[in-house]
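The values are calculated or read from the model by the stated rules, or taken from the named source; none is laboratory data. This is a predicted model, so every value here is computed, not measured. Cβ sites come from the backbone with ideal geometry, for glycine too, and all protein chains shown count toward neighbours.
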Amino acid sequence: MHPKLRQWSRKIHLWFALLIIVPSLVVIGTGILLQVKKQSDWIQPPTLTGMSQVPRLAFSEILEVAQGIPQLEVQTWADIDRLDIRPGKGIVKIQAKNHWEVQIDAANKTVLHVAFRRSDIIESLHDGSWFADAAKLWVFLPAGIILFFIWCTGGILLYTTLKSKLKKSTARDARR
């Protein structure tokens with residue numbers, strides 16, 4: 001292999017690695033947290049179980065329950081980010097736009113759990129959208145592409161190093 005290829009690979013590897021160090025650390029750190037989100041109540045509240053697997057609540061009742069929980073800060077449907085209806089668990093999860101979540105029994109409106117949900121914030125950090133919408137395409141995507149090139153140049157460096165060591169070892173054995 002040409003010696004210039006190894007020098008070129010080393011320079012590209014170093015400068016590209018320095019260029020993407022911050023986005024890579026953000027992606028790796030948040031990725032680790034997302035891998036354990038179901039095991040950590042701090043990241044994502046556990047899903048509880050209600051009394052019945054048959055949802056009986058009207059949407060107006062769901063909004064009424066949400067309005068009665070101060071942490072959610074819900075006045076209208078515009079303050080609710082999403083509803084997650086789990087018939088198999090007998091619950092309705094109400095997630096407010098401020099990242100607070102309440103789980104209610106889908107049969108009788110009983111509040112089962114109120115907690116702050118961090119997983120969505122961590123996901124937006126992971127993909128870069130937390131910083132700005134454009135960060136996904138203009139920072140994190142290029143960082144991923146550059147990481148691929150670092151992987152390639154690292155492979156070239158590994159190959160050339162092993163080839164050089166094998167060549168030296170063969171020459172040393174031939175002299176004996």
Q) What about LEU83, is it farther than 30 Å from LEU19 by Cβ, among the hydrophobic types (A, V, I, L, M, F, W, C) and either assigned to a helix (DSSP H, G or I) or within 28 Å of the chain's Cα centre (by Cα) (or both)? A) yes
Q) Scanning region 31-59 for residues that are assigned to a helix (DSSP H, G or I) and out of contact with any Ser or Thr (no Cβ under 9 Å at 6 or more places or on another chain), which turns out nearest to PRO87 (Cα to Cα)? A) PHE59
Q. In region 91-101, which residues are assigned to a strand (DSSP E or B) and within 22 Å of the chain's Cα centre (by Cα)?
A. LYS93, ILE94, GLN95, ALA96, TRP100, GLU101
Q: Would you mind finding the one in ALA107, ALA17 that is among the hydrophobic types (A, V, I, L, M, F, W, C), surrounded by 13 or more Cβ atoms within 10 Å (Cβ to Cβ) and not assigned by TED's automatic domain parsing to the domain that holds LEU157?
A: ALA107
Q: Looking for whichever is in contact (Cβ under 8 Å) with a residue 40 or more places away in the chain and assigned by TED's automatic domain parsing to the domain that holds LEU141 here; the options are LEU57, LEU34. Which one fits?
A: LEU34
Q. Looking only at residues in region 39-61 that are small (Gly, Ala, Ser) and closer than 21 Å to ALA115 by Cβ, which one is modelled with the lowest pLDDT?
A. GLY50
Q) Name the pairs: first residue in region 129-149 and of a type outside the set (A, V, I, L, M, F, W, C), second residue in a helix (DSSP H, G or I), Cβ to Cβ under 7 Å, at least 6 apart or on different chains? A) SER129/ALA135; SER129/LYS136; LYS136/ASP127
Q. So which residues in region 103-133 are within 30 Å of VAL22 (Cα to Cα) and assigned to a strand (DSSP E or B), if there are any at all?
A. PHE116
Q: Could you please let me know if GLY154 is farther than 27 Å from ILE43 by Cα and of a type in the set (Gly, Ala, Ser)?
A: yes
Q) Counting just the residues of region 65-94 that are in contact (Cβ under 8 Å) with a residue 40 or more places away in the chain and of a type outside the set (A, V, I, L, M), which one comes out farthest from ASP105 (Cα to Cα)? A) GLN71
Q) When the residues of region 154-176 are filtered to those that are of a type in the set (D, E, K, R) and part of a helix (DSSP H, G or I), which remaining residue is farthest from the chain's Cα centre (by Cα)? A) ARG175
Q: Would you mind stating whether ILE121 is over 17 Å from LYS37 (Cα atoms) and aliphatic (A, V, I, L, M)?
A: no
Q. Considering only region 9-30, how many residues are under 13 Å from GLY154 (Cα atoms) and without any contact (Cβ under 8 Å) to a residue 40 or more places away in the chain?
A. 3
Q: Six or more apart or on different chains, Cβ under 7 Å: which pairs go from a residue in region 102-122 that's over 22 Å from PHE59 (Cα atoms) to one that's surrounded by fewer than 19 Cβ atoms within 10 Å (Cβ to Cβ) and among the charged types (D, E, K, R)? Could you list them?
A: SER119/LYS37
Q: With the condition kept exactly as written, say whether any residue in region 142-153 is in a helix (DSSP H, G or I), surrounded by 12 or more Cβ atoms within 10 Å (Cβ to Cβ) and of a type in the set (S, T, N, Q).
A: yes
